[in-house]
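Here's the structure, in structure tokens; my notes come after.
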Amino acid sequence: MSLRPAIVFALFRNELRMILRDKRTIITAVLLPLIITPLMLAGSSHTRKKREATLQSKVYQFAITGTNVAEIRTVVQLTEERLSAQAKTNASVFKFKEVENTNSIAALNRGVLDFVLEGFIEESGSNDPPSEPRTAVRIVYRADRDDSSTGMDKMWSALERTDRNRRYELLQSRGFPVQPGELATVEKADLATPAHAAGLTLGKMITLFLLVFILSGGAIAANDLLAGEKERGTLETLLTTSASRVEIIAAKHLTTLSIAGFITVVQIGNLMMYVGFRVIPISTKFAAAITPGVALLLLMLFLPVAALLSSVLLLTSGFAKSYKEAQLYFLPVTLIAILPALAPMLPDVPLRSIICLMPIANIAIAAKEILIGWYDWPMIALAWLVTAGTGAWLTKLSVSFLSAERLITAGVSKDLPPTDGAGWFSRRVGIWFAILWAVVWIVNSYTATADVRVQVTVNLVGLFFIGSLLMLWRYKLNWRETLAFRAPKPAVWLGVLCGIPGGLLTASGLSRLTTSLVPVSPETMEEFSRAVIPEGVTLGELIFFLALLPGFFEEFTFRGLLLNGLSRRMHPVAVVIVVGLVFGIFHFALFRLVGTAFLGILFAALTLMTGSIFPAMIWHACNNALALITETIGIPIMELDWWMYGIGVVLLAMAFWIFWRERKPYPGLRWRRRDP
Amino acid sequence: MTNLDSNGPTKQRLAWNQIVTLYRYELRSALRERAIVINSILIPIFLYPLIMWVAFSGIMLVKWHSDSTQSRVVVQDWPREHPELRNRITREKRITLIEETNRFDPREISAARLDALVLFEPASGSASNLPGNFQVGITFDSSKDRSVAARERLESVINDYRREWLAREARKREISPEEWAGIHIDSKNVATKRQMGGFVLGMMLPILFVVMVAAGTFYPAIDCTAGERERNTWETLMSSGASRVNVIVAKYLYVTTFGTMAGILNLLAFAVTLKPIFAPLLKEAGTMLNFTVLPQSIPLIATGAVLLAGFVSAGMMIFAAFARTFKEGQAMIMPFYLIVMLPPIFLQTPGIQFSVPLSCVPVVNVTMMIRSALTGEFPMLQIAITFVASVLAIALCIRIAAYILKFEEVMIGNYNGSLKRFLRERFLAKPGRSMKGAHD
Amino acid sequence: MTEFSVRVQDLRKIYYEEGRGEVRAVDGISFECRPGEIFGLLGANGAGKTTTLRMLATILKPTSGAAYVLQHEVTKEPEAVRRNLGFYSATTALYPRLTARETLDFFARINGYPADRVRERVEKLIARFGITEYANARVDRLSQGMKQKVSIARTVVHDPPVLIFDEPTVGLDVLNALEMQKVIAEFRAEGKAILFSTHIMSEAEKLCDRIAIVHRGRIHACDTFENLRAASGKRYLEDIFVHFIERANEAVALEKPSA
């Protein structure tokens, strides 16, 4: 469909005019933050500075107790002399005063003292050099009081410096030919210009800042432009004109983009102004990092990001039925959109990697590289195209929302309350699992140190199983039907046999692939396998606790209840993906997400295709058992040759080919959208 | 000239059974409104734990990531007298030495194919008086995280080596190890786990608590005033037998309930989830924090939530009373919302004590009181002042709200939702064209 | 066949609703409307009038069947259809933050009215509907009656040959309703084809050249008022309406046991 520029322009002008006339929104969304943000920043920086000054000029009170009081006092006096010599040139030097106190710890707790020096004799601690018991001093302090902990820090370094000086003098007095400080000196030559060094810091944050500005600015327009119009009934008027839906969306997108861009520019200008006034303390080197050329390039780069975010906002606004609802979506959308903007915080992820295909994250990385003076033109172009393309695709999606009739014409199709327990369950299943997740998470943090057998039992039986039974009971569900406890076709078992090694190999390969992208430290992996496979547990026990139990209970909960609840409201493909992801998220450790989610997806697909939960249960149990066995007999499943994983994929494909041929679909799937 | 409800000699009374009925109706309809449930119940429970979990997982990820990356280093001209240093650098797990046959090109570092170049040279000047002394040049690129990490790793190896070299020299010159070692310094934190937990909570909590209470009151306050106008139920309610004061009191109580609930739920969610969130950090710091709330501080915290919610809801309802639509209500309340959130930001710096002057400032005093209650301190004078000051502030706000709502035009929503217009027409307009209103 | 401005053939609209299953909002409706004719759709709330008209205005997509506006099929050439159509209903609101003049200017432009003649056209309509006085006031400051005038002007601003009025008098007071009827009659005199839906009998009786009685998504009678009278043997439209509805319900009741 072609766009008629005159019509798009007329629409655009009209939208813009109306938004600018909405004075109250403009005031609360633009002017208010303009005043409040610097006020907050200035306020907190002022109180912080004031506090720092107080801590700087404070005379710290302390007492000396314990053994060797005299010796410690000498060191303290030496320190005091050294510091008071410095005090003539430097006013902010550490000042302290000894206070006589009989019960010094109580005084410390009352806040009368800032810290206490406690002398003691240290029994020979380190072996190298073998040492006699020696004089030691312990600085006793309160870490929950900033004056106490600052005092401790300062005293520590002051004493240490005194002791070092003493040591150096001692050495020199015995004829050491050079200043001890001149030994093995290190000279650092920095290849980066100060601008590029500042660019690194800036590059890590700039996308995040811009993203927040663009989103909050764009939301003002987007929410009003679709959800607001729906609410006011003007959208229907607009749809009866000869402007096409594509044109309408194009104009609305353009408006959102303009408003978002405008507000972002205003906010940045505002921030810069306050930086200029030194209300916000930021190094001036940042200015050097952004030359006019770089600024122009960044503008070009962030344009598709702004366009993409505008599409996202329009999409949510189009999805919402009212202004209020659209606002409700803003927070989750922002949180999700912010995630890719955090990519540059990861050290050393180059643009020349898979990240180049991730919209927003790629631009964020490109911006960082440009700011440190690194121009990878072909990849920058690719990143630009990927993000711009995603934006265009999402914009097209929002056109389809204008055609989704249930959304335009409120009231045509009302969401009637479900008539049976299963209907209610499918509505509430999300909340149930969110709560279950939180409970599992919290409980796990308390059982983290317990034996793995206890952990597994608590999780699987105490939480998953009881939670599932609660759901079954609460909604009076038919358990046999809900859990898909029915026999599959016999040939399916052949597929499962094929799939067990295939799934394990493919999942391991996938995990490895992700680990090569986002490396996980070997310590973490070791720690994990130590936690899972503890010493002194027999293989039989392991298989019972880590394979048989999960195979039954996890499938019961995820491929039984969760899958059933979701299948009544979602497209089967979405069901499979969501069940898999939820399954992955329930395993908490981020580095396991990909592997477990992948297996979760396989099991969900299997259950939907065979209409039975049993194959998934058997497969799950066997998969875990196989993984345990390979681990115990020392097959490094995560370090195989790549062709082995290839075989895994082939086996898996075969398994699913069998399932597809022998399919007996899960009842009640929604292959088609219910509205016409 | 009308002064609503006070035309006759009968003075308005609070009819509590009516208020309870109204209150229950408000509460029930609120619990069926998705926006309110999400904003006042679900977000307080889930939002911050979720954000913090993501943030800490992210930090851990970055840490793993940087710990597990190797530093690629080229070393030229190893000092022959110091094979031990060479050993140490070679043994360091996270440093990979790269053999370089040609002369080194610094562009390798700029292109991130290499992280650092180490060049050993004999010491010059006075430093050369010691035979075998050398100096190290490290070339790196501070615009690259990996290069900075490489430099730090190298420096730490060299520093360790220097320290031991000095000790060796000392022994050569017959300085006993005890004399050389001197005094050993150690530190010990005597704050209890609970005090530490309270300290961490106190850093984050004041702002979060106020934000949550304010967010909890935000939707209900708009919904029960502007929202009712939008849904055209306002007039239905006003034309019912319930007196206006009772309606307002019921609505006020309902908004306060939600604010209190949001605040307390948020606190609970926070206290329960902090441990799992900080688990990876705690593992390193040695479990030093205890986030459980003292039983004796629970009533004080709950009262604090009620006082704060009471003040915030009264303030919000003053503004929301003018609005005709939900959107307008939002715009009207936003400034108040932001102003309420300002003071706790100042309180985030550590070391601010719950002093008597602070206990006179609304919002601030309650947050300070809750903060000290969390650490197990109960300064009675300040708590008493906080109570009095908060109750006074609430009473004042309610007076203002009651005064404003006396005006028929406000009740019907005649000022186009504009506070400015209300003030202008009510107080500044010439008597001739002024609207009718309240009299004493 | 070219003489028809609007032609609807066996139009259907079927929804699925959770809990209710299939809902046949429009179940095979056919009719035509000529230039200079007011064709009325008369039916109770939920009979399918609005859905039919929305499908004609291309807001909704028909499940099956065809509808033409000046030979343009609604699903194939939606833009051409809308360019030749003015749609007025209680739910097609005006932009509150635009002035009356801006509103007309905007809708003329996006309906593809020749840009050089837009200004002239807008001024003409402002004069015709007596909007002059408040042409520069924002719509949200206008009274109900004023808004209605602007809204009608908005509907015809691009001079479409076909006009759709979906329950235009809902919520209006007597004077405004009469004004509306007057305006609609004027448009007929100008030779426009007008589709008009209502559930108010007197209005249909007074305005419509032909009336279709719609019930449960079907047309149960379609003729001039006089012919309907003759066919049913009743005098007042109200009774005629009830007569046909009852007959329709009986037919359904007869069908059921056999099914």
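The values are calculated or read from the model by the stated rules, or taken from the named source; none is laboratory data. This one's a predicted model, so the numbers in the text were calculated from it and none came from an experiment. Neighbour counts run over all protein chains shown; Cβ positions are idealised from the backbone, glycine included.
Of the residues that sit in the range A:435-474 and are under 27 Å from the mean Cα position of the chain (by Cα) and not in a helix (DSSP H, G or I), which one is surrounded by the most Cβ atoms within 10 Å (Cβ to Cβ)? Once the filter is applied, the top-ranked residue is A:Ala448. Taken together, the residues in the range B:323-351 that are among the β-branched types (Val, Ile, Thr), in contact (Cβ under 8 Å) with a residue 12 or more places away in the chain and assigned to a loop (DSSP other than H, G, I, E, B) amount to 1.
The residue that is surrounded by the fewest Cβ atoms within 10 Å (Cβ to Cβ), among those in the range B:179-222 that are more than 10 Å from chain A (Cβ to nearest Cβ) and in contact with a Gly (Cβ under 7 Å, 6 or more places away or on another chain), is B:Phe209. The set of residues in the range A:529-544 being in a helix (DSSP H, G or I) and either at pLDDT below 70 or hydroxyl-bearing (Ser, Thr, Tyr) (or both) consists of A:Ser529, A:Arg530, A:Ala531, A:Val532. All conditions in (1) more than 7 Å from chain B (Cβ to nearest Cβ); (2) free of Cβ contacts under 8 Å to residues at least 40 places away in the same chain; (3) of a type in the set (Lys, Arg) hold for A:Lys204, with the sole exception of (2).
Here A:Arg17 meets each of (1) in contact with a Leu (Cβ under 8 Å, 6 or more places away or on another chain); (2) part of a helix (DSSP H, G or I); (3) closer than 30 Å to B:Ile345 by Cα with one exception, condition (3).
Summed over the range A:304-351, residues that are within 8 Å of chain B (Cβ to nearest Cβ) and part of a loop (DSSP other than H, G, I, E, B) total 5.
Note on the range B:124-143: among residues that are in a loop (DSSP other than H, G, I, E, B) and more than 7 Å from chain A (Cβ to nearest Cβ), the one that is farthest from A:Pro194 (Cα to Cα) is B:Pro131.
Condition check: closer than 30 Å to C:Ile164 by Cα and outside any helix (DSSP H, G or I). Does A:Ala227 satisfy that? No; evaluated as a whole, the condition is false for this residue. Filtered by the rule that a residue be within 37 Å of the chain's Cα centre (by Cα) and within 7 Å of another protein chain (Cβ to nearest Cβ), the range A:6-26 gives A:Asp22, A:Arg24, A:Thr25. Go through the residues of the range B:93-109 one by one and say whether even a single one is surrounded by 19 or more Cβ atoms within 10 Å (Cβ to Cβ), more than 11 Å from chain A (Cβ to nearest Cβ) and among the hydrophobic types (A, V, I, L, M, F, W, C). There is at least one residue in the range B:93-109 that is surrounded by 19 or more Cβ atoms within 10 Å (Cβ to Cβ), more than 11 Å from chain A (Cβ to nearest Cβ) and among the hydrophobic types (A, V, I, L, M, F, W, C).
Among the residues of the range B:26-54, those identified as away from every other protein chain (no Cβ under 14 Å) and touching a residue at least 12 places away in the same chain (Cβ under 8 Å) are B:Glu26, B:Leu27. Against the test of being among the small types (Gly, Ala, Ser), modelled with pLDDT under 90 and within 30 Å of B:Glu377 (Cα to Cα), the options A:Ser104, A:Ser84 yield a single qualifying residue, A:Ser104. Looking at the structure I just gave you, is B:Val20 at pLDDT 85 or above and either of a type in the set (A, V, I, L, M) or more than 19 Å from B:Pro220 (Cα to Cα) (or both)? When the stated conditions are applied, B:Val20 passes them. Selection of the range A:352-363 for residues being outside any loop (DSSP other than H, G, I, E, B), out of contact with any Phe, Trp or Tyr (no Cβ under 9 Å at 6 or more places or on another chain) and more than 14 Å from chain B (Cβ to nearest Cβ) yields A:Ile354, A:Cys356, A:Leu357. Screening the candidates C:Ala80, C:Ala66, C:Ala90, C:Ala115 for the property of being surrounded by fewer than 24 Cβ atoms within 10 Å (Cβ to Cβ), within 10 Å of chain A (Cβ to nearest Cβ), touching an Asp or Glu at 6+ places or on another chain (Cβ under 7 Å) and more than 22 Å from A:Ile19 (Cβ to Cβ) yields one hit, C:Ala90.
What are the residues in the range A:173-215 that are in a helix (DSSP H, G or I) and within 19 Å of B:Tyr161 (Cα to Cα), if any? Across the range A:173-215, the qualifying residues are A:Pro180, A:Gly181, A:Glu182. Considering A:Glu100, A:Glu71, the condition of being away from every other protein chain (no Cβ under 13 Å) and over 25 Å from B:Ile345 (Cβ atoms) is satisfied by A:Glu100 alone.
Screening A:Ala243 against (1) in a helix (DSSP H, G or I); (2) within 14 Å of chain C (Cβ to nearest Cβ) leaves a single unmet condition, (1). C:Met55 meets each of the listed conditions (1) at the interface with another protein chain (Cβ under 7 Å from one of its Cβ atoms); (2) surrounded by 24 or more Cβ atoms within 10 Å (Cβ to Cβ); (3) assigned to a helix (DSSP H, G or I) apart from (1). Checking each residue in the range A:116-127 for being within 9 Å of another protein chain (Cβ to nearest Cβ) and at pLDDT below 75 picks out only A:Gly125. The sole residue among B:Pro206, B:Pro177 that is modelled with pLDDT under 90 and touching a helix residue (DSSP H, G or I) at 6+ places or on another chain (Cβ under 6 Å) is B:Pro206. When residues in the range A:140-189 are screened for being in contact (Cβ under 8 Å) with a residue 40 or more places away in the chain, at the interface with another protein chain (Cβ under 7 Å from one of its Cβ atoms) and under 40 Å from the mean Cα position of the chain (by Cα), 2 of them pass. If you check A:Leu346, A:Leu308, A:Leu297 for being in contact (Cβ under 8 Å) with a residue 60 or more places away in the chain and closer than 19 Å to A:Thr390 by Cα, only one passes: A:Leu308. Against the test of being over 50 Å from the mean Cα position of the chain (by Cα), more than 7 Å from chain A (Cβ to nearest Cβ) and either surrounded by fewer than 20 Cβ atoms within 10 Å (Cβ to Cβ) or of a type in the set (Ser, Thr, Tyr) (or both), the options B:Arg168, B:Arg113 yield a single qualifying residue, B:Arg168. C:Thr103: at pLDDT 90 or above, surrounded by 18 or more Cβ atoms within 10 Å (Cβ to Cβ), closer than 20 Å to A:Glu236 by Cα and within 10 Å of chain A (Cβ to nearest Cβ), yes or no? So C:Thr103 passes the test.
Of the residues making up the range B:149-165, those that are buried (at least 21 other Cβ atoms within 10 Å of the Cβ) and more than 7 Å from chain A (Cβ to nearest Cβ) are B:Ala149, B:Ala150, B:Leu154. For first residues located in the range B:352-371 and within 14 Å of chain A (Cβ to nearest Cβ) and closer than 20 Å to A:Arg51 by Cα, partners that are among the β-branched types (Val, Ile, Thr) and part of a helix (DSSP H, G or I) and lie 6+ apart or on another chain with Cβ distances below 7 Å form the pairs B:Leu358/B:Val364. When we screen C:Ile213, C:Ile245, C:Ile200 for residues that are touching a helix residue (DSSP H, G or I) at 6+ places or on another chain (Cβ under 6 Å) and of a type outside the set (S, T, N, Q), the only hit is C:Ile213.
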